[in-house]
Every structure is written in structure tokens, then in C-alpha cells.
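Inspection log for the structure reproduced underneath, given as C-alpha cells.
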Amino acid sequence: MMSNAKNKKGGKRAKPKGASAKKMSPSAAVGVAANARKPVRERIAAMANVTHAVCEKDNKFQALLIRVRLAVLQALQAASFAVVQFESRRADYFATLRAVATDADPELRQRVLGLLAREKDGFAQQRLLEGLQQPEKALVPPEKALQLLSYDVHAEAYPVARMVVNNPPNEEAKRGALRLLAADASSKPLFERILNDKEETKENRQLSASALQAIAPEAMQTHARELLLDAKEYDDIQATSLTALTQFGSPAKVEKDKKLLKRVASLKSAGSNKLKQGARRFLTKYGS
């Protein structure tokens, strides 16, 4: 009894529940607050440890805001995968994403536009096209805009992509535009011009060869013969040419083309493995 009384009188007063939590430095608190894996209650509690020190410099404050906003975006994206439970909030979710798509922070804009583009959102598509047509209104770099547009290509994107090819802001954007046009049959003359332009980059010419094989295989056969007869042509482009002739060539026509057969026979033991394999398949089909 005496011991209990002593404990009641002289012992330390019991701490309220939750008071035992350790205080964190502002930087550690920001890390917890921005961690989407932490429980919401813990993240909110961590914010109490973010003192005025974080606001002393604008760059620190902005960094905090960006990290927390990105973490919130990640949490919302994860929640959206629960289709049934999230359905009643889906409209609000997309409305919020559209509002944030024009945010001042470039990383946040790009992530949000990526989410919208994957959902084939019309608002995102129009803003991406607008940015390509009017660079001063661009929300993301042109090469990124073209990549996002490729998730759901609409007819109105093709003229804009051709504009980028003809007047590219950079090589990466030009390649992105060519990839987007690869399903557009009306871009056949463009691909033919690039394929036959030896001043073009190898990658752009290879993209053009692959596109022609898909959208205009007969036209590609004509070009393929000339490309194969050119001993200075790139192996990759010649390999694509061999594939075009092997898959779509006319046996009656090819088997009579002695010059072509002789040239392909020489490729069985020359060039890259891809080119050698293509030559063997070609000759197996056409009986040499």
C-alpha cells in the first residue's frame, strides 16, 4: 500500500496516450508526410513536426508542397484501381486531374497528363495537340506529348505529327512523330521520302521502312529491291527489306530476278546475324 501510495505521490505522472511519439526533424517529417505507404493518420501527425524552418526559404517550401502533392497523386492513383469502390468518386478524380494538368510544376503536369492520356481523356489529347501546334502553350516537351498521344491516336493527330516531322524541334520529337504516323496510310509519301533520303538518320529511315511494310507493303517491295542492291546500305534497313520481300514478294517475279538473287546469296555470309538470317529465309522461300 505504501509503495503504491509513493508511486502515486512521487512517481512520474502518466503520459497521455500518443504523447510518447518522438519528435522528428522537419526534413524527416516531410519524408513521412510524402510517403504514400504510411497510414494517413501518421502522415498528418508528421506534418505537425514541420516547423516554420521549412518556410524560411521559398525553395524549401515549394519542395515540400511538390513532394506531398506527388504523394497524394500516387495514393489516389492506387485507390482508383479498386474499380467498384472508386466508381462513385471517378468523375471527381478526373475533374481534379484535369485541373492539375495545367499546374506550374512540370513534373506534376507530366504525371497527370500521363494518367489522363492512358485513360484516353479528350481534354488531355486536345491540350497535348495544342502544345504541339503552339509551343508557347505546351504543357510538356514535344517528344513527351507525342508519346502520350500515341496511347489513343485520333485522326486529328496525324496532320500535327506530320508538321513535327517537317519542322522538328529536335530529333527525339521527329522520331516520336514518325512512330505515331506508322499507322496512317496517308503518310506513305512521307515515309517513302525519308526512307530514300540518305541524309536522314538511320533510325528515321528504319522507322520509315517498318511503317511502309505495315501500311503499304507493295510499295515497300519496290523500294526493298533497290535498297538490297545497294552494297552501302545499312544492315538493319536491308534486313527489313528482306522481310518485306520474303513476306509479300511475288514468287513469279522474284525468282526471275537473277541480280537480286545473286545479291541476297552474298548476304548469307556477310553483315549482321539479323541480315544473314533474313537472307537465308528469303532464299529458302525462293528456291536458291
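The values are calculated or read from the model by the stated rules, or taken from the named source; none is laboratory data. These numbers come from a predicted model, not from an experiment. Reconstructed Cβ throughout: ideal geometry from the backbone, glycine too, with neighbour counts over all protein chains shown. All accessible areas refer to the heavy atoms of the entire protein, side chains included, with ligands and DNA or RNA removed. Shrake-Rupley method; radii C 1.70, N 1.55, O 1.52, S 1.80 Å.
Some notes on this structure:
- Among residues other than ALA173 with Cβ under 12 Å from its Cβ, the summed charge is +1 (Lys and Arg +1, Asp and Glu -1).
- Estimated translational diffusion coefficient (Stokes-Einstein, Kirkwood radius over Cα pairs, 25 °C, 0.890 mPa s) of segment 118-207: 186 µm² per second.
- Take each peptide in 257-264, 129-136, count the other Cβ atoms within 10 Å of every residue, and average; sorted highest first, the result is 257-264, 129-136.
- Of SER266, SER88, the residue with the largest accessible area leads and the full order is SER88, SER266 (1.4 Å probe).
- Amide N proximity, segment 248-288 versus LEU229 label position 7 Å along Cα-to-Cβ, cut-off under 13 Å: 257-264
- Each label point was placed 7 Å from the Cα along the Cα-to-Cβ direction; for ARG281 and ASN170 their separation is 3.5 nm.
- All other residues whose Cβ lies under 9 angstrom from that of ALA219 are scored, Lys and Arg at +1 and Asp and Glu at -1, for a net of -1.
- Computed extension length for PHE123-LYS274: 50.1 nm, one decimal, from 0.36 nm per residue of separation with the Cα-Cα distance subtracted.
- Local electrostatic count at LEU229 - Lys and Arg +1, Asp and Glu -1, tallied over other residues with Cβ under 11 Å: +1
- Compared with the direct C-alpha span, the chain from ARG193 to SER250 gains 18.1 nm at full extension, assuming 0.36 nm per residue.
- FRET efficiency for GLU218 and ASP105, using Cβ-Cβ distance with R0 set to 51 Å, rounded to 0.05: 0.55
- Exposure ranking of PHE94, PHE248 by accessible area [1.4 Å probe, largest first]: PHE248, PHE94
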